[in-house]
Amino acid sequence: MRRTELILTGCAVLLTMAAQGKDKPKIQIQVVDTQTSERQVTYTVPGTASQSTTNCNGTATATGIGGVATANGTTNCTTTTSPGSPPRTVLRSIPQAYVHAIMSDGRRITVWCQSGFRRCTTLSPGNYTAEIDGNSLWIYGYELGGKQHKLKYRYVGGW
């Protein structure tokens, strides 16, 4: 019983330490301005071949006289063709934002985000709470209704 209690206590301590390790210290930053741009991406959609289908139906009448039979009939066939399509090039624009900010220690940094898999938005000048996680800066933004969003930006240099 003593050994089980010791193991459970050790697991609880490790889980507590792991949970505390995920919390990044929050800092204050001052956003000076945000510049936007669009990344242009082109890709080709392959064309398709034309396709034809033929449907036939027929009728026949057989007449027999003493061991000899004669058959007369008609067959009607209709062919429908669907035209193919040529390959086409698609141009897509991906919005990006470059945020110029001053860190709490005075460093002037530029962080970048790109719409796609995550929320990317322009930030108005002002003070924001943020977390540093490696080369990423998570900035807390708020909607007018007060809903909080954690926005991920990547450090790209100073200014």
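Its Cα centre serving as origin, the chain has a Cβ charge dipole (Lys and Arg +1, Asp and Glu -1) of approximately 420 debye. Partner aspartates and glutamates whose Cα lies under 14 Å from the Cα of LYS150, excluding those fewer than 8 positions away in the same chain, are identified as ASP23, GLU131, ASP133.
Given the C-alpha centroids of the stretch 99-122 and the stretch 20-96, what is the distance between them in whole angstrom? Answer, in whole Å: 41. Here r is the Cβ-Cβ distance between GLN40 and SER136 and R0 is 30 Å; the resulting FRET efficiency, rounded to 0.05, is 0.75. Taking 1.567 mPa s as the viscosity and 4 °C as the temperature, the Stokes-Einstein diffusion coefficient of the stretch 67-134 based on its alpha-carbon Kirkwood radius rounds to 67 µm²/s. Per-residue ellipticity at 222 nm, computed for the chain from helices alone with -39500 (n - 2.57) per DSSP H run of at least four residues, works out to -4500 deg cm²/dmol. Projecting label points 7 angstrom from Cα along Cα→Cβ for CYS77 and ARG108 puts them 7.9 nm apart. For the chain, set up a Gaussian network in which alpha carbons nearer than 10 Å are linked by springs, and say which option among VAL68, VAL41, VAL111 fluctuates the most. Evaluated over the chain, the most mobile residue of the options is VAL68. Selection among THR80, LEU144, THR122 by position relative to the dipole of the stretch 77-154 gives THR80 as farthest towards the positive end (Cβ unit charges, Cα centre). The angle between the Cα long axis of helix 2-22 and the longest principal axis of the Cα atoms of the chain comes to about 90 degrees, rounded to the nearest 10.
Ranking SER93, ILE132, GLY64 by how far each Cα lies toward the positive end of the dipole of the chain (charges on Cβ) leaves ILE132 at the top. Rounded to the nearest angstrom and listed largest first, the equivalent-ellipsoid semi-axes of the chain from its Cα gyration tensor are 70, 32, 13.
A short reminder: the numbers here are calculations on the coordinates, not readings from a lab. The structure displayed is predicted, hence computed values, not measured ones. All Cβ positions, glycine included, derive from the backbone under ideal geometry; neighbour counts span all protein chains shown.
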